[in-house]
Structure formats: structure tokens, C-alpha cells
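This report concerns only the one structure given below.
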Amino acid sequence: MLKKIVVSVFIGVFSLGLAWTPNGWAADKKDDVYLAGAGDLLHIVIWKNDDITGDYLVRPDGKITLPLVGDVVATGMSTDAIAMQISKKLKLFIENPYVTVIVTQTSSNRIYVLGEVQRPGVYPLQERLTVLQALALSGGFTQFAKKDRMSVIRYEGNRQVKYEVNYRDILKDPEKGRNLLLKRGDTLVVP
């Protein structure tokens, strides 16, 4: 009986998106963490070291270069992870370095809308953006749009995945109709 209760609690907590922390159960924020990308501008503060403190642009190869430290991988990393890398490398030169990384400009956080929409182009991805919201940003359909043959193209790892999307199905049932939550780098194609 106790085993069933423990399993039920675990399943309930897991489905709520909770994670165990040293301070107890807390909301799992993995999806809310911003991951740096090429073109982002990072402000890096090294406490009591103005020579290294400054703004650093994430290069197309996904790295930034700091004096003393050299190259640090930034693409796909949270600000905390970047700060930890820098701090670890600085320990060779500075005793107990305290590093803070702040994203000041998000150039990599965008989506693309192509095809038969009023304003095709590149749009910033802020907060949570769905297919319908991306269509609204791009001004809606042109008269020639094939609303039942849209697709979202997404890179998952090293492979490209295509999701078929039907506007009328989204209006009937957003979940079944694939009113997808767009991710950084997604391309919405309206033929």
C-alpha cells in the first residue's frame, strides 16, 4: 500500500513539472532558461576586475573570447553555465573569481515566417509564441495561401524535422490541429 502511495505521489509531482531541490520541491524551470546563441551580446562582469569586464558578442562558431580566459563556448549554454566556465578558467589567475553573465541583446532568438503571408520575414521570439500568433505577427494570409498545407521546420539536434500544420484544424481544436509552440530557429512555411 505504501509503495502505491509513493508511486502515485511521484507520478503526480512529475506531471506537475516539479523537481527536487536542496530547499524542497520547486517548479522545474528548464524550459524557461534562455540559452545563448550566435549573435547574442553578453555583458560579463568579473567582480573587482574591470580589465576583463565588458560586452562580448557570441561569434558564429558559438564562442566568445575573453582576455586571460581565451575561448568559452556560449551557444546552447545558460548564463550560469557560461559564468561557471569563465570562473573555472579564471581560477588560474584570480583567487575566487566572481562572474556574472547577462544577456543584453538577443539576436539569435528569432523565428522565420515564409510564403503566402502579408509580411514574410524574421521575427523576434519573445516569451511563448504559437503558430497562430506568428501568423498574426506576419499580417495573416494572402489570398493565395494554402492554409491546410502549412508546415513548421525545426532542427532537433543535427536533423531537420517537419511538422504539418492545418489552420482550420487549429481553429477547431488547437491541440490536435498542432498550434505548436515555436522554438528558436523555427521556420513557419505557408505555401
For this session: Once you have all Cα-Cα distances for segment 52-122, histogram them in 5 Å bins from zero and send the whole-percent values.
Result: 3, 14, 23, 20, 11, 8, 7, 5, 4, 3, 1, 0
Problem set entry | Equivalent ellipsoid semi-axes, segment 58-191, via Cα gyration tensor eigenvalues times 5, rooted, Å | 40, 13, 12
Problem set entry | Selection of chymotrypsin sites (Phe, Trp or Tyr not before Pro), segment 71-167, meeting DSSP coil and at most 10 other Cβ within 10 Å | Phe144
Problem set entry | Inter-probe distance in nm under a simple model that places probes 7 Å from Cα toward Cβ, at Met84 and Asp50 | 3.2 nm
For this session: Treat each spin label as a single point 7 Å out from the Cα along the C-beta direction, and report the Leu92 to Thr142 distance in nm.
Result: 5.5 nm
Problem set entry | 1.4 Å probe accessible area per residue over segment 97-172, in Å² | 64 Å²
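First measure r as the distance between the Cβ atoms of Gln160 and Leu181, then evaluate 1/(1 + (r/R0)^6) with R0 = 22 Å and state the FRET efficiency to the nearest 0.05. Provide the component values of the computation, followed by the final result.
Values: r = 18 Å, r/R0 = 0.83.
Once the sixth-power term is evaluated, E becomes 0.75.
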Seminar exercise, completed: Links exceeding 30 Å between C-alpha atoms in this model, out of Lys63/Lys91; Lys146/Lys176; Lys89/Lys162; Lys48/Lys183, come to Lys89/Lys162; Lys48/Lys183
Seminar exercise, completed: If each K or R counts +1 and each D or E counts -1, the residues other than Gly70 whose Cβ falls under 11 Å of its Cβ total +1
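The values are calculated or read from the model by the stated rules, or taken from the named source; none is laboratory data. These numbers come from a predicted model, not from an experiment. So basically every Cβ, Gly included, is an ideal-geometry build from the backbone, and we count neighbours across all protein chains shown. With ligands, DNA and RNA removed, areas are computed over all heavy atoms of the protein, side chains included. Shrake-Rupley method; radii C 1.70, N 1.55, O 1.52, S 1.80 Å.
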